[in-house]
Amino acid sequence: MPKSGEKRRPRRGSAGFWPRKRAKRIYPRIRSWPKVDQVVALGHAGYKVGMTHMIVIDNRKNSPTYGEEIWIPVTIIETPPLKVCGIRFYKLTPYGYKTLTEVWAENIDQRVLRKIPTLRTNGDVEQRLKQIEQILPEVSEIRLIVHTQPWLAGIGKKTPEVFEIAIGGENIQEKFEYAKKLLGNDLKIQDVFKEGMQIDVSAVTKGKGFQGEIKRFGVKLMHHKAEKKRRKTGNRGPEGLARVLPTVPMPGQMGFHTRTEYNKWIIKISDNPDEINPKSGWPHYGIVRTTWIAVKGSVPGPVKRLIRLRYPVRPNPKIPSEPPQIVYISTAPKN
């Protein structure tokens, strides 16, 4: 407890996000997946289009505006179908999950082969799957290897992103049959998520570059008569400590960090881009051409950045499982 008359303040910045350094790549890696009883892919991905607003009828029973029309901000994410290009099998060891084997589809896009020049297919896929089925008792985890298809979207991008998606369920045989059916085929957003579901979104945030402690941590400006400095911290710490503590606000990289936001609410999933395309197109994005989803609130990252979507690891029981009724979607020109 602080002493009487003693001034205290919360520390600047959360230690949960440390060190604040640049992300290793432009799209995030998901390291943990929730446990889901249903045998289904636990994630998808899309490209951030921008934000707009909707008028909906509030269906949150404990809300003071229940049953009334309310204004909500939404983020539009274009979600072209993912292509399942491989299946990876893991074995649980005392040192964690280790790759046991993998199988790749025959019809891999040339743009993927250019991105992964060392990739070689396994020849006869059916024969390879039969060999793997014999070692299924050794398998502890099965994941899909997918790649995006940005050339289907309206962003003019050619290079796909390649990443893994976990599969729900407990039975390895059922997971294997599910993955085998998807190998070489498209995985649509409707096959993974439904309207009204909660999702976790992960992305690499906007990059701000190297910034000082005023902008990076919100430290107060020094007095205008302070010696030689104004946009600096007054003291780095006590002299006797002989080192600067990591809790002290310091200049450094700001932004371009991998961040996850939990329990975003899917308001709508649609195959009709005309419902949300402004006449002038979306600023810095263009025209939405494929399936899109509307998520309540904001998501990390700038326009055109890949947003990874995942089943929620800690869903909020206060959010309804059904989407609200939409009265109006704004398609006014965006600045």
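The values are calculated or read from the model by the stated rules, or taken from the named source; none is laboratory data. Because the structure is a prediction, the values reported are computed rather than measured. All Cβ positions, even for glycine, are placed from backbone atoms using ideal geometry, and neighbour counts span all protein chains on display.
Brief remarks follow.
Yes/no matrix, rows are residues, columns are (1) in a loop (DSSP other than H, G, I, E, B); (2) within 30 Å of Gly86 (Cβ to Cβ); (3) over 26 Å from the mean Cα position of the chain (by Cα); (4) not β-branched (Val, Ile, Thr):
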| site | (1), (2), (3), (4) |
| --- | --- |
| Leu144 | no, yes, no, yes |
| Lys157 | yes, yes, no, yes |
| Phe193 | yes, yes, no, yes |
| Gly209 | no, no, no, yes |
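- Looking only at segment 215-239, and only at residues there that are within 34 Å of the chain's Cα centre (by Cα), assigned to a loop (DSSP other than H, G, I, E, B) and of a type outside the set (A, V, I, L, M), the one that is nearest to Gly13 (Cα to Cα): Gly218
Yes/no per residue for (1) surrounded by fewer than 18 Cβ atoms within 10 Å (Cβ to Cβ); (2) not assigned by TED's automatic domain parsing to the domain that holds Ile172:
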{"site": "Val56", "(1), (2)": "no, yes"}
{"site": "Asn62", "(1), (2)": "yes, yes"}
{"site": "Gly67", "(1), (2)": "yes, yes"}
{"site": "Thr75", "(1), (2)": "no, yes"}
{"site": "Pro117", "(1), (2)": "yes, no"}
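- Condition broken by Ser270, with the remaining ones in (1) under 30 Å from Thr75 (Cβ atoms); (2) of a type in the set (S, T, N, Q); (3) exposed (fewer than 10 other Cβ atoms within 10 Å of the Cβ) satisfied: (3)
- Index of the failed condition, Ile108 passing every other in (1) surrounded by 12 or more Cβ atoms within 10 Å (Cβ to Cβ); (2) touching a residue at least 40 places away in the same chain (Cβ under 8 Å); (3) outside the structural domain of Arg289 (by TED's automatic domain parsing); (4) assigned to a loop (DSSP other than H, G, I, E, B): (2)
- The residue pairs whose first member lies in segment 255-281 and is farther than 17 Å from Trp292 by Cβ and among the polar types (S, T, N, Q), whose second member is at pLDDT 95 or above and surrounded by 17 or more Cβ atoms within 10 Å (Cβ to Cβ), and whose beta carbons are closer than 6 Å, counting only pairs six or more residues apart or on different chains, are Thr258/Ala23; Thr258/Pro28; Thr258/Val204; Thr260/Asp200; Thr260/Ser202; Asn263/Gln198.
- Residue among Val299, Val295, Val244 that is closer than 26 Å to Pro19 by Cα and either touching an Asp or Glu at 6+ places or on another chain (Cβ under 8 Å) or modelled with pLDDT of 95 or more (or both): Val299
- Among the candidates Tyr97, Tyr66, residue that is aromatic (Phe, Trp, Tyr) and within 26 Å of the chain's Cα centre (by Cα): Tyr97
- Residue check for Tyr95: assigned by TED's automatic domain parsing to the domain that holds Lys157 and in contact (Cβ under 8 Å) with a residue 40 or more places away in the chain: no
- Every pair of residues 6+ apart whose Cβ atoms lie under 7 Å, when the first sits in segment 299-314 and is under 21 Å from Val146 (Cα atoms) while the second is acidic (Asp, Glu): Leu306/Glu161; Arg310/Asp200; Pro312/Asp200
- Test for Ile189: is it among the hydrophobic types (A, V, I, L, M, F, W, C), touching a helix residue (DSSP H, G or I) at 6+ places or on another chain (Cβ under 7 Å), surrounded by 17 or more Cβ atoms within 10 Å (Cβ to Cβ) and modelled with pLDDT of 95 or more: no
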